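See below for the structure under consideration.
The values are calculated or read from the model by the stated rules, or taken from the named source; none is laboratory data. No experiment lies behind these values; they were computed from the predicted model shown. When we count neighbours, we look across all protein chains shown, and the Cβ atoms used for this are built from the backbone with ideal geometry, even at glycine.
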Amino acid sequence: MTRLKISTRLMIMMCLLVLLQAALLGGFALRYLSTSLEDQIGLRALQLASMIAQTPAVRDAARDRDSFSMQALAEELREATDASFISIGDSEGIRLAHPLPERIGKPMVGGDNYRALELGQSYISRAVGSLGPSIRGKAPIFSPEGRSSASSRSAT
């Protein structure tokens, strides 16, 4: 059995060390990029949800619990933006607008409505809903008197 020269062994060790460093740096870079992308998607979803919640036509449809108008508005807004879906619920968490019309009138899924409906807060949520896992922007829809009357949710 032949033994490798010391210079050959050193070259192999240096190559392995460089490969290990490249793999570690690549892993950290991918994780950073993934986290940054998720944060940006969440911020865009939150901005969209807040904009939808402040739209007068949406406020009126939420106040009247007018699912037909709300569905048309949500679809129009979804097409005008790059949102994957827009779902809007009333103050009880019942869907007024949803990408799948047969789910309108049923409870919103994901367990992440409390802050919007009860506390009146806008926030980013990562949850699994009826359409699968998503990054969601959630914002309360306030009545003209300032009460939370529904919640808007968008996901990008």
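Within the stretch 100-123, restricting attention to residues that are of a type in the set (A, V, I, L, M, F, W, C) and touching a Lys or Arg at 6+ places or on another chain (Cβ under 7 Å), the residue that is surrounded by the fewest Cβ atoms within 10 Å (Cβ to Cβ) is Ile104. Across the stretch 41-86, the qualifying residues are those that are of a type in the set (Ser, Thr, Tyr) and in a helix (DSSP H, G or I), and the one among them that is nearest to Arg136 (Cα to Cα) is Ser50.
In the stretch 10-31 there is no residue matching the filter, namely being assigned to a helix (DSSP H, G or I) and in contact with a Ser or Thr (Cβ under 7 Å, 6 or more places away or on another chain). I'd like to know if the stretch 35-42 contains one or more residues that are modelled with pLDDT under 90 and over 13 Å from the mean Cα position of the chain (by Cα). Within the stretch 35-42 (the criterion being modelled with pLDDT under 90 and over 13 Å from the mean Cα position of the chain (by Cα)), the answer is no, since none of the residues qualifies.
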